[in-house]
Amino acid sequence: MPDTPTASCDVTLMVNGREIRRPVPARRLLVDFLRDDLALTGTHAGCEHGVCGACTVLIDGEPARSCITLAVQADGCEITTVEGLTPENGLSPMQQAFKECHGLQCGFCTPGLLTTLAAAEPEDHPTDAGIRELLGGNICRCTGYQHIVDSVNKAWGRS
């Protein structure tokens, strides 16, 4: 039986401030497009069901699960990955706080956490409980979350 060609669609999107135009297979997941096609491997594929948050990116400034989003759905959108959050020289204040407060251990969940936090307004999450609620869609199996909360508080000038 001959191979059936996969339908593809032309997409144009901004990824970390860079315009990307190319054909993409219609069923290609955004996480695979970012990691495999664009070599942006900071976005991790964890559960592949949209539950763990490791694949979180910003789509037009809002956190989204790239493992349950098709690349063609992002056509015309602005995508920010964890690489897009990192300044050319050094670390962002949140990244530095994660480093200083031991907010990461294995680091697998960290890109999704940082991306989720990049879209958050500190005044909307004034307490430790509010930070935990904000990050409720990001699963970390290593830290127990207290160091993550400490990191967020430090980056937001609360410690």
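The values are calculated or read from the model by the stated rules, or taken from the named source; none is laboratory data. Please read all numbers here as calculations on a predicted model, not as lab measurements. Here the Cβ positions follow ideal geometry from the backbone for every residue, glycine too, while neighbour counts run over all protein chains shown. Surface accessibility is based on the protein's heavy atoms, side chains included, excluding ligands, DNA and RNA. Shrake-Rupley method; radii C 1.70, N 1.55, O 1.52, S 1.80 Å.
In the set (1) surrounded by 16 or more Cβ atoms within 10 Å (Cβ to Cβ); (2) in contact with a helix residue (DSSP H, G or I) (Cβ under 9 Å, 6 or more places away or on another chain); (3) more than 30 Å from Q146 (Cα to Cα), C9 fails one condition alone, (1). If you go through the stretch 86-125 and pick out every residue that is under 17 Å from T41 (Cα atoms), buried (at least 19 other Cβ atoms within 10 Å of the Cβ) and among the hydrophobic types (A, V, I, L, M, F, W, C), you end up with 3.
Every residue, every condition in (1) free of Cβ contacts under 8 Å to residues at least 40 places away in the same chain; (2) farther than 19 Å from A120 by Cβ, yes or no:
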site: L13; (1), (2): no, yes
site: L29; (1), (2): no, yes
site: D32; (1), (2): yes, yes
site: A39; (1), (2): yes, yes
site: H44; (1), (2): no, yes
site: G53; (1), (2): no, no
site: T56; (1), (2): no, no
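The set of residues in the stretch 25-51 being among the hydroxyl-bearing types (S, T, Y) and buried (at least 19 other Cβ atoms within 10 Å of the Cβ) consists of T43 alone.
One residue stands out in the stretch 136-157 among those that are buried (at least 21 other Cβ atoms within 10 Å of the Cβ) and touching a residue at least 60 places away in the same chain (Cβ under 8 Å): the one that is farthest from T115 (Cα to Cα), namely A155.
Of the residues V72, V57, the single one that is in contact with a strand residue (DSSP E or B) (Cβ under 7 Å, 6 or more places away or on another chain), open to solvent by 20 Å² or more (accessible area, probe 1.4 Å) and modelled with pLDDT of 95 or more is V72.
Restricting the stretch 132-151 to residues that are hydrophobic (A, V, I, L, M, F, W, C) and not in a helix (DSSP H, G or I) leaves a set whose member that is farthest from T43 (Cα to Cα) is C142. Taken across the stretch 65-88, residues that are over 16 Å from N16 (Cβ atoms), part of a strand (DSSP E or B) and under 12 Å from the mean Cα position of the chain (by Cα) do occur, with at least one present.
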